[in-house]
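Right, one structure below, let's go through it.
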Amino acid sequence: GENIVAFVGARADSQRVPHKNVKPFAPDGRGLLEIAVGELSAALGGAPESIIFSSDSLSYDQTAARFAGVRAVPRDPYFASSECTVSEYHGHVGNVTRDAAPLAKHVLFFQVTQPLLNRTTIARFVDAFCALVDAQASRVAAQPALAARHEFLREKIALCALMNLVFETPPHERVLAF
């Protein structure tokens, strides 16, 4: 997807599981951050700045930046705090991706804590999403209500397509090979 940028955020300190994003998770010692960003980078082919990684931790930013295509953007501590609402955080994600990747038309919002999506599944999702957007572009543009809320609609379609893809994928293919 040439018009897609992925956004990956990781908070340094989880309230329930401290340092969960970097704790060794895989048998080879990789943590959730390394697994998720590595699979996403491989799925997107390592294209320059195809992944925006944002954290309130410099060490997390440095870890993510080791992967091809990742641009680390430091996160304001407020957007990693419990005081930040989900709506505020999503607004922040929109602002960061718009500023860091102004030519991207679509944002793939990816969680570090979903390590069960492998590079093949991610690539299939991106391809399916791009095909859907292309196939329906004229129909969306012809509907004033849809055209006026185009960005909102794209976000919802992306989330629904990802959920659908995950649930259509056989369970044994959702698991990463470590």
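What shape does the range 54-95 have by the C-alpha gyration tensor, where a ≥ b ≥ c are the square roots of the eigenvalues, rounded means a/c under 1.5, and otherwise prolate means a/b greater than b/c and oblate the rest?
oblate
Summarise the accessible area of the range 1-113 (1.4 Å probe, protein heavy atoms) by the percent that is carbon and sulfur.
The nonpolar share, carbon plus sulfur, comes to 53 percent.
Excluding Ser81 itself, calculate the net charge of residues whose Cβ lies under 11 Å from the Cβ of Ser81, where each Lys or Arg counts +1 and each Asp or Glu counts -1.
-3
Summing Lys, Arg as +1 and Asp, Glu as -1, what charge do residues with Cβ under 11 Å from the Cβ of Gly31 carry, Gly31 excluded?
+1
If R₀ is 25 angstrom, what is the calculated FRET efficiency for the pair Val73 and Phe152, using the beta carbon separation as r and rounding to 0.05?
With R0 = 25 Å, the Cβ-Cβ based efficiency is 0.60.
Net charge near Val17, counting Lys/Arg +1 and Asp/Glu -1 over other residues with Cβ under 14 Å of its Cβ?
+3
Scan the range 9-67 for trypsin sites (Lys or Arg not before Pro) in coil per DSSP, keeping those whose Cβ has at most 16 other Cβ atoms within 10 Å, and list them by number.
Of the trypsin sites (Lys or Arg not before Pro), the ones in loops of the range 9-67 whose Cβ has at most 16 other Cβ atoms within 10 Å are Arg16, Arg66.
Heavy-atom accessible area per residue, the range 1-97, 1.4 Å probe: how many Å²?
On the way: 4730 Å² over 97 residues.
Value for the range 1-97: 49 Å² per residue.
Tell me the chymotrypsin sites (Phe, Trp or Tyr not before Pro) within the range 38-141 that lie in a loop according to DSSP and have at most 12 other beta-carbon atoms within 10 Å.
none
When the chain is fully extended, how far beyond the present Cα-Cα distance does Ser59 get from Glu83, taking 0.36 nm per residue of separation?
Once the chain is fully extended between Ser59 and Glu83, it gains 6.3 nm.
Quick one: compute the contact order of the range 1-78, relative version, from alpha carbon pairs under 8 angstrom and 6+ residues apart, as a percent. Intermediate results must be reported in sequence, preceding the final value.
On the way: 124 pairs, mean separation 23.8, N = 78.
Across the range 1-78, relative contact order equals 31 percent.
The values are calculated or read from the model by the stated rules, or taken from the named source; none is laboratory data. Remember, predicted model here, so these are calculated numbers, not experimental data. Don't worry about glycine lacking a Cβ; one is built from the backbone with ideal geometry, like all the others, and counts go over all protein chains shown. Surface areas here come from the heavy atoms of the whole protein model, side chains and all, with no ligands, DNA or RNA. Shrake-Rupley method; radii C 1.70, N 1.55, O 1.52, S 1.80 Å.
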